[in-house]
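A short write-up of the structure that comes next.
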There are 2 protein chains.
Amino acid sequence: MMPTDTKRSIFFVSDHTGLTVEALGHSLMARFEELSVRYETVPFINSTSKARELLQRVNQAALQDGKRPIVFSSITNPEILAILNSANARVLDLFKTYLAELEQELGQASSSRVGRYHGIVDLARYQQRMQAIDFALATDDGIGLSNYQDADIVLVGVSRAGKTPTCLYLGMQYGIRAANYPLADDDFERLALPEELVPFHNQLFGLTIDPLRLQQIRQERKPNSYYASLKQCEFEVKQAEKLFASKGIRFLNVTASSIEEITAGIMQMAGLERG
Amino acid sequence: MMPTDTKRSIFFVSDHTGLTVEALGHSLMARFEELSVRYETVPFINSTSKARELLQRVNQAALQDGKRPIVFSSITNPEILAILNSANARVLDLFKTYLAELEQELGQASSSRVGRYHGIVDLARYQQRMQAIDFALATDDGIGLSNYQDADIVLVGVSRAGKTPTCLYLGMQYGIRAANYPLADDDFERLALPEELVPFHNQLFGLTIDPLRLQQIRQERKPNSYYASLKQCEFEVKQAEKLFASKGIRFLNVTASSIEEITAGIMQMAGLERG
């Protein structure tokens with residue numbers, strides 16, 4: 001008997017890292033509710049022998065699941081694609097339609113031998129991203145003040161509002177040099193910016209967060225501490241937001257947002273361009 | 001007179017972060033050679049008024065460039081899309097074709113009100129990614145050995161081979177807990193693993209790099225030092241590779257690879273699955 005209520009297999013297949021096909025495939029799948037699926041990313045399918053191995057696995061998944069898999073593909077090599085297309089699966093070729101349209105619009109043939117988006121296409125730009133990661137590490141949590149003059153942006157906010165991963169992602173994804181500085185009790189009492197930040201007023205950007213969420217995060221870090229108490233979280237958030245408002249510092253509430261959403265929001269609000 | 005040899009404008013338009021449409025758009029554009037274009041990402045186009053503002057900018061770019069822009073769009077709201085489609089531009093709708101195909105295959109209508117791939121769709125999974133970033137920071141460069149027991153992978157290699165950004169990206173993109181430990185003179189002389197790493201033999205993964213490239217990187221860091229000399233770089237890389245081979249440690253040469261390529265390669269070679 002065929003199994004009937006197992007998960008359906010979804011493959012993201014690429015001849016390179018698979019990041020693009022994963023992003024588009026997941027974005028599309030996210031538009032459907034209550035799916036019972038399992039995802040698998042298969043990168044570096046850059047030879048017919050690898051494609052034939054994959055073909056077997058896809059066909060086996062079809063048998064095991066009792067449903068044909070869905071294969072999202074960004075393969076452009078016709079020989080490799082032909083093997084994939086022979087699978088007992090619904091193959092969605094993410095490149096074909098658009099490459100044809102772009103060839104027409106740009107008036108030139110596409111080539112699979114040119115650069116790849118997730119490779120080192122532009123060395124200077126790639127190095128800028130790597131240097132921006134170094135920069136974020138060297139200026140994390142108020143350290144490395146002597147480097148702040150090179151900052152594209154300086155994030156401020158209460159402890160555990162998500163400043164560090166935001167700075168790292170700004171560097172990694174956008175090549176933006178982001179420093180971060182924690183606001184502390186002294187700043188809240190005085191309702192003034194730390195002296196050190198005054199020269200960087202134009203680079204400042206605030207992160208704020210719902211006090212209840214902040215409490216949860218701090219509770220995991222330092223259970224039952226004063227630092228993690230709701231009272232303290234409420235006080236700090238209220239004072240931080242007052243400070244942002246009084247100093248004209250743009251800020252974003254990150255409570256319900258992912259790092260990707262926070263950084264895209266900062267890029268837009270601060271008018272930053274990819275480094 | 002119309003300008004004729006200016007850059008053509010390419011817009012990546014999204015009602016959310018724009019990361020997916022950027023990735024696919026850039027991947028497609030990377031297949032064309034010698035383009036004279038300028039890119040602009042426009043996230044959060046989630047209202048008709050924002051769409052109308054954008055429409056004006058796209059039409060203005062068409063006039064200024066003397067060529068109609070290309071607009072990559074992942075907008076699904078029909079009203080917003082209609083405004084975009086009225087632009088003097090070639091609009092490539094990256095979702096339409098595939099959503100229709102998926103609706104047919106999955107037997108259900110798609111909805112724009114469900115989760116977004118770059119949002120916090122799955123809180124547990126999102127927190128795992130954030131914790132993996134914390135883990136990478138807490139176990140960077142040989143620190144935090146007491147946490148190594150929770151590592152999915154431990155990267156080893158010479159100083160400046162790219163271990164730190166690789167660990168951060170493994171956490172950020174894949175939710176993988178990656179520690180890293182530098183190999184040093186003592187290890188090269190003895191041709192043995194640091195004692196501390198012996199219990200984690202199964203998690204070890206090596207990074208290696210071309211000595212000439214390593215010299216360039218170190219030279220930027222510590223100009224004209226012994227550490228940055230070609231002789232020292234050659235010695236360290238040779239010994240590190242010997243060590244990997246003699247201990248059966250899988251390794252990857254990162255010289256010509258981006259962080260995205262390195263991490264996708266590690267995920268595959270080490271048989272890791274997204275956290």
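Key figures for this structure:
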quantity: Single condition B:Ala87 does not satisfy, out of (1) closer than 23 Å to A:Gly107 by Cα; (2) within 12 Å of another protein chain (Cβ to nearest Cβ); (3) touching a residue at least 12 places away in the same chain (Cβ under 8 Å); calculated: (2)
quantity: Matching residues, segment A:140-161, being assigned to a loop (DSSP other than H, G, I, E, B) and more than 24 Å from the chain's Cα centre (by Cα); calculated: A:Ile143, A:Gly144
quantity: Only one of B:Leu214, B:Leu272, B:Leu230, B:Leu243 that is closer than 25 Å to B:Ile133 by Cβ and of a type outside the set (Ser, Thr, Tyr); calculated: B:Leu272
quantity: Qualifying residue in segment A:43-60 (condition: surrounded by fewer than 19 Cβ atoms within 10 Å (Cβ to Cβ), modelled with pLDDT of 95 or more, in contact with a Lys or Arg (Cβ under 7 Å, 6 or more places away or on another chain) and part of a helix (DSSP H, G or I)); calculated: no
quantity: Count of residues meeting criterion [within 13 Å of another protein chain (Cβ to nearest Cβ) and assigned to a strand (DSSP E or B)] in segment B:165-179; calculated: 0
quantity: Hey, A:Arg221 within 28 Å of A:Ala23 (Cβ to Cβ), of a type outside the set (Phe, Trp, Tyr) and surrounded by fewer than 16 Cβ atoms within 10 Å (Cβ to Cβ) or not; calculated: no
quantity: Candidate set: segment B:91-135, residues that are touching a residue at least 24 places away in the same chain (Cβ under 8 Å) and among the aromatic types (Phe, Trp, Tyr); chosen: the one surrounded by the most Cβ atoms within 10 Å (Cβ to Cβ); calculated: B:Phe135
quantity: Segment B:162-174: number of residues that are farther than 22 Å from B:Gln239 by Cβ and either among the hydroxyl-bearing types (Ser, Thr, Tyr) or more than 18 Å from the chain's Cα centre (by Cα) (or both); calculated: 2
quantity: Residues located in segment B:104-153, provided they are in contact with a Lys or Arg (Cβ under 7 Å, 6 or more places away or on another chain) and aromatic (Phe, Trp, Tyr); calculated: B:Phe135
quantity: Qualifying residues in segment B:61-71 (those that are surrounded by fewer than 20 Cβ atoms within 10 Å (Cβ to Cβ) and in a loop (DSSP other than H, G, I, E, B)) - the one nearest to the other protein chains (Cβ to nearest Cβ); calculated: B:Arg68
quantity: Positions within segment A:103-140 being in contact with a helix residue (DSSP H, G or I) (Cβ under 9 Å, 6 or more places away or on another chain), facing chain B (nearest Cβ under 8 Å) and hydroxyl-bearing (Ser, Thr, Tyr), in sequence order; calculated: A:Ser110, A:Tyr117, A:Tyr126
quantity: Verdict on B:Gly175 being surrounded by fewer than 17 Cβ atoms within 10 Å (Cβ to Cβ) and at positive phi; calculated: no
quantity: Unique residue being more than 11 Å from chain A (Cβ to nearest Cβ) and under 28 Å from A:Glu260 (Cα atoms) when the list is B:Ser74, B:Ser14, B:Ser9, B:Ser27; calculated: B:Ser9
quantity: Positions within segment B:93-117 being among the hydroxyl-bearing types (Ser, Thr, Tyr), at pLDDT 90 or above and assigned to a helix (DSSP H, G or I), in sequence order; calculated: B:Tyr98
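Residue-wise test of (1) on the phi > 0 side of the Ramachandran plot; (2) out of contact with any strand residue (DSSP E or B) (no Cβ under 8 Å at 6 or more places or on another chain); (3) not acidic (Asp, Glu).
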site: A:Leu81; (1), (2), (3): no, no, yes
site: A:Ala89; (1), (2), (3): no, no, yes
site: A:Glu101; (1), (2), (3): no, no, no
site: A:Val121; (1), (2), (3): no, yes, yes
site: A:Ala124; (1), (2), (3): no, yes, yes
site: A:Gln131; (1), (2), (3): no, yes, yes
site: A:Ile143; (1), (2), (3): no, yes, yes
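The values are calculated or read from the model by the stated rules, or taken from the named source; none is laboratory data. All figures in this text were calculated on a predicted structure; none of them were measured in a lab. With ideal geometry, Cβ positions are generated from the backbone for all residues, glycine too; neighbour counts draw on all protein chains shown.
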